[in-house]
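Everything below concerns the one structure shown next.
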Amino acid sequence: MKTLTVLYDGTCALCVRCRDFLSGARTYLPLELLASQSQEARERYGAVPWLGEELVVASDEGDVWIGPAAFLVCLWALTDYREWSYRLSGPELAPLAERFFVAVSSQRRRIASVIRRPRCDPGDACNLTDEHAYRRAYR
């Protein structure tokens with residue numbers, strides 16, 4: 001495995017912040033960060049179930065992880081967190097890690113609003129799929 005593609009919800013402010021964290025983190029292998037709503041994501045990964053609903057990570061070898069497993073793969077790719085990925089995937093902590101990820105994921109919009117509320121349209125759709133929209137939302 002030489003690269004990973006992380007497909008995140010580009011309309012979710014918390015997900016965009018996580019993307020920013022990943023883009024600045026030291027990694028063992030290159031991470032391609034791609035909003036699941038983008039044309040490129042739909043063309044390359046349109047057949048992947050839960051695309052846009054869950055965090056999805058795909059390897060250049062064709063392996064795909066979804067949800068909590070994708071979260072652990074992201075940790076595994078990071079220089080400072082690989083050891084944690086092993087701990088959290090072990091038998092003692094795996095159930096806790098899964099519950100934590102599911103809880104955060106299901107409340108991600110609420111969590112993002114507590115951290116800092118981006119400007120969204122009246123339907124609460126934050127179009128943060130490009131850098132300009134992201135910067136406008138956090139001015």
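The values are calculated or read from the model by the stated rules, or taken from the named source; none is laboratory data. Bear in mind that the values here come from a model prediction, so they are computed numbers and not experimental data. For accessibility, only protein heavy atoms count, side chains too; no ligands or nucleic acids. Shrake-Rupley method; radii C 1.70, N 1.55, O 1.52, S 1.80 Å.
Computed values, structure above
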item: Accessible carbon and sulfur surface of the range 18-62 relative to its total accessible area, %, 1.4 Å; result: 51
item: Difference of contour (0.36 nm per residue) and Cα-Cα distance, residue 96 to residue 82; result: 3.3 nm
item: Nonlocal amide H pairs with residue 32, under 5 Å, H built at 1.01 Å; result: 4, 5, 6
item: For residue 10, distant residues with modelled amide H under 5 Å away; result: 36, 37
